[in-house]
1. Using only alpha carbons, build the gyration tensor for the chain and give me the equivalent ellipsoid semi-axes, biggest first, whole Å.
2. Based on the mean of other Cβ atoms within 10 Å per residue, sort peptides 261-268, 232-239 so the most packed one is first.
3. Quick check: from the Cα gyration tensor, does the range 284-403 come out rounded (a/c under 1.5), prolate or oblate?
4. Could you give me the ³J(HN,Hα) list for the range 567-582, computed from phi with Karplus coefficients 6.51, -1.76, 1.60 and θ = phi - 60°, whole Hz, x at Gly and Pro?
5. Suppose we take every Cα in the range 65-153 and form the convex hull; what volume per residue is that in Å³?
6. Take the range 352-503, drop everything but the C-alpha atoms, weight them equally and run the Debye formula without solvent; then report log10 I(q)/I(0) at 0.14, 0.16, 0.19 Å⁻¹ to two decimals.
7. Expressed as an acute angle from 0 to 90° and rounded to the nearest 10, what is the orientation of the C-alpha long axis of helix 240-260 relative to the principal long axis of the chain?
8. Normalised by the empirical 2.2 N^0.38 Å for globular proteins, what value does the Cα Rg of the range 627-674 take?
Amino acid sequence: MHQLYFSNPNNFITPEQMAWCADYCKKFWPEECAHILRIAEDAKNHTFLFDLRWDMERTYEPVHFDGEIQWDFMPKDDPEFIYQFNRCQYFICLGQAYALTGDSSYAKAFAEQLLAWIQANPFNENTRQTVWRSIEAGIRGETWVKAMSYFKDSPYITDELMEQFCECLKTHARYLMDSYQIFQVKSNWGVIESRGLLEIALALKDEKEAEKWKKTAVSRLEEGIRVQILDDGVQWEQSPMYHNEVFHCALEAIRLSRRYGYCMSDEFLAKIHKMAYANLLWKKPNHCQIAQGDSDETDLRDLLSQSAYLFQDPELKYGGYDRLDFDGAWDYLQEGAESYEKIVAQKPEKLFYKLENSGNVYIRSGWGENDDLFHFRCGSLGGGHGHSDKLHIDLAINGEDILIDPGRYHYVDGEIRHELKNSCSHNTPSVDGKDYLVCLDSWGISGMTPAYQMPVCEKNGFRLVQGGHGGYLHNGKGNVYIQRKVLALGTDLYVVADEFFAGEEHTFQQNYHFHPDGILTACEGENRVHYTGRNVESDFLFFGNSREETNVYHSRMSRNYNQMEENMSIQASCRKDGFGCLLTVIAGGKKGEYKTPKAELAEVSSPARGRILTEEEAHGLRITWKGKTYLVLMGHKDIGGANEMLGSDGYMGLGSVIVFEEDQEKTGGTVLYW
């Protein structure tokens, strides 16, 4: 069996390739080498800590087994440890450690643990609930096959081991053939499982069922991507973490297709290319994905580098590393690394993007590590991994996060899980301190309502993003429709206007949650809160409520699975009978250079009717900053009647969102929304 399996040249890395990759990684990725060696050394000694970049459920406390490994061990009350453990990613680390050092103890540990796993975990109805869930079986299809590719010439890889290894892979493949249901068609599980089936089919190409497995896997991968990936390239579950699990599987399918000489469809390739661009667009200045939905704050440069190589795309390379990443080197070998190096990176030109199908908008000052990024979210829930985050915003200024998503922490049903999914834990407007959705358990939701996307606009250097939702229109939540408008006067100066359309009395709220490295200070005598970060400062100036109604408090958030951190938050509120509007002016800049803007309410009139408009009809703000003064007028009703024209201080124009600059014409202004 050893000879038959390794007669397939794609089932192993040659000694020459292994030596080249080891030298390359030692030279260019020494920190990654040290990390992999630590994981491998731990695994060799039966100690397990899951802290690889794309571990879906990270851990922060190592688990050690003195004797035999207990594969279904569950610390505390979170079964996700069992699932992460039995994905066997550390098997690949043992292989890479063996390649980096030549130390046969890593090969011995791999052989012993692989055999122990096979013998301890027969496939049956009981193990299907723990170590044999179909998603883990799919992941093992990749991790086992890839890990074995490092050990072809080790004496620890015996015929007996290979016999059991191949038989267990066949069990995996037959299980994956049978486990595919409607759920898998629309879930990341289906793509992950089909990727594993493909890996096994290609590794066992001489098995009589292998061709059927391969055709089925390719067909299911095509189906999953066709169904799950929106036209803007975002995986429908609205979580960058699971977007990238699917994306990794798709990249792996493309890699294998080129290695084994089969084809994925043009439609498949085009959608995966779009998935790569979604990663580029939501990459923060610190190179990490936004922790939207059930996501961690994970560096995206490895996936961007690999996709840049596969698609030979200069813009994707700009978002990736200067040279092929550590894992990419082992997957694409010398040929891939050298080809990647020849791609000339090209900076993307656009700084304002809307991913229309998923409802995500991004505004940038540039593409560097010290630039600004604003994100606005008005899209669908995304199933069980989605959070109550309609109208949520994220903000980084001078390369540093200020407003952030609360993350996920864990999947155990209970207070923390529900809290971090709640709309009040996001940077959103809310009503009466309630979530607009109801968590039935860790995954189930009731009270779902669509997002109502509205036009975005870019004109004369200003940008307007807006949207609404009816989550408070039913289920006893108050019959309130919420609409949020965010006016970007620059990438470091914003007006957030939340309009609450109601027919009775309610408490309307704006929620803001800050990076844990920052400190909030309520400013004496002002309705203003100052944020001080590591290298950035920011101000939040509130209008539409009193200083006493702006509450600064301590909260908690999670940037990575199983990691909880304390942070600070603001809730600005007002009590209104009927319509209400809360406004926030947000400004920020480099610490030591930043100056607080001057902002004040401006009286808004109806020039045609000769009367002052009420706050139910319109709001005006005069903002002076960096030597410029802006007059912002926002109408809350349709254009007509008293709202036909909006005026203030000698300026007037027709529209619902108008910006005037003091050195420009006093009529017309820049209309961003009619």
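The values are calculated or read from the model by the stated rules, or taken from the named source; none is laboratory data. Just so it is clear, the model here is predicted, and its values are computed rather than measured. Neighbour counts are summed over all protein chains in view; Cβ atoms, including those assigned to glycine, are modelled from backbone coordinates with ideal geometry. These accessible areas exclude ligands, DNA and RNA; they are computed on the full protein's heavy atoms, side chains included. Shrake-Rupley method; radii C 1.70, N 1.55, O 1.52, S 1.80 Å.
1. Values: eigenvalues 529, 122, 102 Å².
Each semi-axis is the square root of five times an eigenvalue, giving 51, 25, 23 Å.
2. Working: 261-268: 13.1, 232-239: 24.6.
Ranked by mean Cβ neighbours within 10 Å, highest first: 232-239, 261-268.
3. Values: a/c = 2.20, a/b = 1.67, b/c = 1.31.
Note, shape of the range 284-403 comes out prolate.
4. Per residue, the Karplus-derived 3J(HN,Hα) values read 9, 10, 9, 10, 10, 9, 9, 8, 9, 9, 9, x, 5, x, 9, 10 Hz.
5. Working: hull volume 9.1 nm³, N = 89.
Hull volume normalised by residue count: 102 Å³.
6. The calculated log intensity ratios at q = 0.14, 0.16, 0.19 Å⁻¹ are -0.70, -0.89, -1.18.
7. On a 0 to 90 degree scale, this one is about 40.
8. Values: Rg = 10.2 Å, N = 48, 2.2 N^0.38 = 9.6 Å.
Cα-based Rg divided by the globular estimate yields 1.07.
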